[in-house]
Amino acid sequence: MGSDIEIQAVDIGKQIAVLTDVGGMDKVFTHLAGGGTLIDYCKLVGMAYPVMIKWINDDKSRLAKYEAGKRAREDWLFERVLAEYKALSTFSVSELYNEAGGLRAVSEWSDGAKAAVAKVESIEQFEMVDGVKESVGEIKKVSVWDKTKTLDSLGRYLKMFREQIDINVQGSVSLVGALEDAEKRARSVGASVGAVAVDVEAEYEEKPI
C-alpha cells in the first residue's frame, strides 16, 4: 500500500515539474516539429495527456505555440516523404553488394538502400553427404519496392507529365428562340413570314496544342 502512494507522489511531482518548467512549451514545440506527437511527449516526460492538453489550452500563448508546432510537424512530414521518394527513385541495386559480388551487411547499407529494400529472406541450402542432408550455406533474397511506381508518383508531383485529352462532341442545335425573334422583327416591318425550319448540325473537336 505504501509503495502505491510513493509511486503516485512521484508521478504528481513529475507533472508539476513539467507544468512549471519555463521552457516547457519550447520543448513541446521542438518535439512536434521533429515529427513527434503530444501523446509521445507526455509518455516521455511522465505527464498525463488530459492534464497536458488542458494546461496548453488554458493559455493563449501556449496554445499558439502548440498550433505552430503542429504546423511545423506537417512540414517535417512533407520533407520526410519527399526524401523517401528521392531515395527510392535514385536507388541502384548495386549499392547492396560489395566488389566481390557479395551482399553487404545491413549496417553498411546507405539510407537510400535501407528505404528501397522491402524484404530480405534467407534461404538455407542443403546437400546430401553420405546419405545425410547437410547445410552448405544460404542464399539471401532481396526484394525492393517498385521503382517504376515511385518515379511515376514523383514525376506527377513535380508536374513533369502533361496529360493529353481528346474531346469529340457531335449534336444538333435547335435555334427556336432565334427564329421567334426573327419572326417578330419581320412582322414589325410588315413582312409576312411563314413557317421556318432550320436544321443545324455542329461538330466540335478539341485537340491539345
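The values are calculated or read from the model by the stated rules, or taken from the named source; none is laboratory data. Note that the coordinates shown come from a computational prediction; the quantities given were computed from them, not determined experimentally. With ideal geometry, Cβ positions are generated from the backbone for all residues, glycine too; neighbour counts draw on all protein chains shown.
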| said: Please determine whether any residue of the range 81-91 is over 30 Å from Lys140 (Cβ atoms) and either of a type outside the set (Lys, Arg) or at pLDDT 90 or above (or both). | reply: yes
| Flag for Leu88 being surrounded by fewer than 16 Cβ atoms within 10 Å (Cβ to Cβ), assigned to a helix (DSSP H, G or I) and not small (Gly, Ala, Ser) | no
| field | Criterion: touching a strand residue (DSSP E or B) at 6+ places or on another chain (Cβ under 7 Å) and not in a loop (DSSP other than H, G, I, E, B) - qualifying residue of Ala68, Ala118, Ala72 | value | Ala118
| query | How many residues does the range 39-60 hold that are in contact with a Lys or Arg (Cβ under 9 Å, 6 or more places away or on another chain) and aliphatic (A, V, I, L, M)? | reply | 3
| request: Go through the range 45-81 and give me each residue that's aliphatic (A, V, I, L, M) and in contact (Cβ under 8 Å) with a residue 24 or more places away in the chain. | output: Val45, Met47, Ala48, Val51, Met52, Ile56, Ala68, Ala72, Leu77
| request: Pull up the range 97-113, narrow it to residues that are surrounded by fewer than 12 Cβ atoms within 10 Å (Cβ to Cβ) and over 17 Å from Ile139 (Cα atoms), then point me to the one that is modelled with the lowest pLDDT. | output: Asp111
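Conditions (1) under 30 Å from Leu19 (Cβ atoms); (2) more than 16 Å from the chain's Cα centre (by Cα); (3) not acidic (Asp, Glu), marked per residue:
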residue: Tyr49; (1), (2), (3): yes, yes, yes
residue: Lys60; (1), (2), (3): yes, yes, yes
residue: Arg80; (1), (2), (3): no, no, yes
residue: Arg104; (1), (2), (3): no, yes, yes
residue: Glu108; (1), (2), (3): no, yes, no
residue: Val132; (1), (2), (3): no, yes, yes
| remark: Filtering the range 49-71 down to residues that are of a type in the set (Gly, Ala, Ser) and either modelled with pLDDT of 95 or more or surrounded by 14 or more Cβ atoms within 10 Å (Cβ to Cβ) (or both) yields Ala64, Ala68, Gly69
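Would you confirm whether or not the range 143-163 contains a residue that is part of a strand (DSSP E or B) and modelled with pLDDT of 75 or more?
Within the range 143-163, one or more residues are part of a strand (DSSP E or B) and modelled with pLDDT of 75 or more.
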| said: For the structure I just gave you, tell me whether Ser89 is touching a residue at least 60 places away in the same chain (Cβ under 8 Å) and under 27 Å from the mean Cα position of the chain (by Cα). | reply: yes
